[in-house]
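Every read-out reported here was derived from the displayed coordinates using simple, explicitly stated rules and does not represent laboratory data. Values in this document were obtained by computation on a predicted structure and should not be read as measured data. Positions of Cβ are generated from backbone atoms using ideal geometry, with glycine treated the same way; all protein chains shown enter the neighbour counts.
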Amino acid sequence: MDPYTIIKYPLSTEKSIRLMEAENKLIFVVNKTSTKKEIKNAIEDMFKVEVKNINTFVNSNGEKRAYIKFSAKNPAIDIATKMGLM
C-alpha cells in the first residue's frame with residue numbers, strides 16, 4: 001500500500017510541539033482503516049527512520065491520529081524540520 005494513502009498529514013499544534021521536544025514524538029493524522037504495522041512501515045519508508053512505538057487514537061470527529069515515538073538516533077525535530085513544520 002502507498003505510504004501517502006496511509007499517512008494524511010502531520011499535526012502542528014502546541015501539544016505536538018511539546019511532545020516532539022520532550023518525548024521525541026510526532027503526531028500524524030492517518031487513514032482510519034490503517035493498522036499500526038502499516039503506519040510504522042509507511043513512516044519508516046517515507047522518512048528512512050526507525051520507529052520505536054506507535055499509539056493510535058480516534059477522536060470524536062472520527063479522525064484517527066498516530067502518536068509516533070522515534071528511536072533516539074532519529075530526533076523528531078529533524079524529521080519535523082524536513083517536513084517544514086519547524
Legend entry - Candidate set from the stretch 16-51 (those that are within 14 Å of ALA80 (Cα to Cα) and basic (Lys, Arg)); member that is surrounded by the most Cβ atoms within 10 Å (Cβ to Cβ): LYS25
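Table: residues versus (1) in contact (Cβ under 8 Å) with a residue 60 or more places away in the chain; (2) not β-branched (Val, Ile, Thr).
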| site | (1), (2) |
| --- | --- |
| SER12 | yes, yes |
| MET20 | yes, yes |
| VAL29 | no, no |
| LYS32 | no, yes |
| GLU38 | no, yes |
| GLU50 | no, yes |
| VAL58 | no, no |
Legend entry - Count of residues meeting criterion [of a type in the set (S, T, N, Q) and either within 10 Å of the chain's Cα centre (by Cα) or surrounded by 14 or more Cβ atoms within 10 Å (Cβ to Cβ) (or both)] in the stretch 54-86: 3
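Given the criterion out of contact with any Cys (no Cβ under 6 Å at 6 or more places or on another chain) and part of a loop (DSSP other than H, G, I, E, B), identify the matching residue among LYS73, LYS8. Spell out the reasoning first.
Details: LYS8 fails: part of a loop (DSSP other than H, G, I, E, B).
Going through LYS73, LYS8 in turn, the sole match is LYS73.
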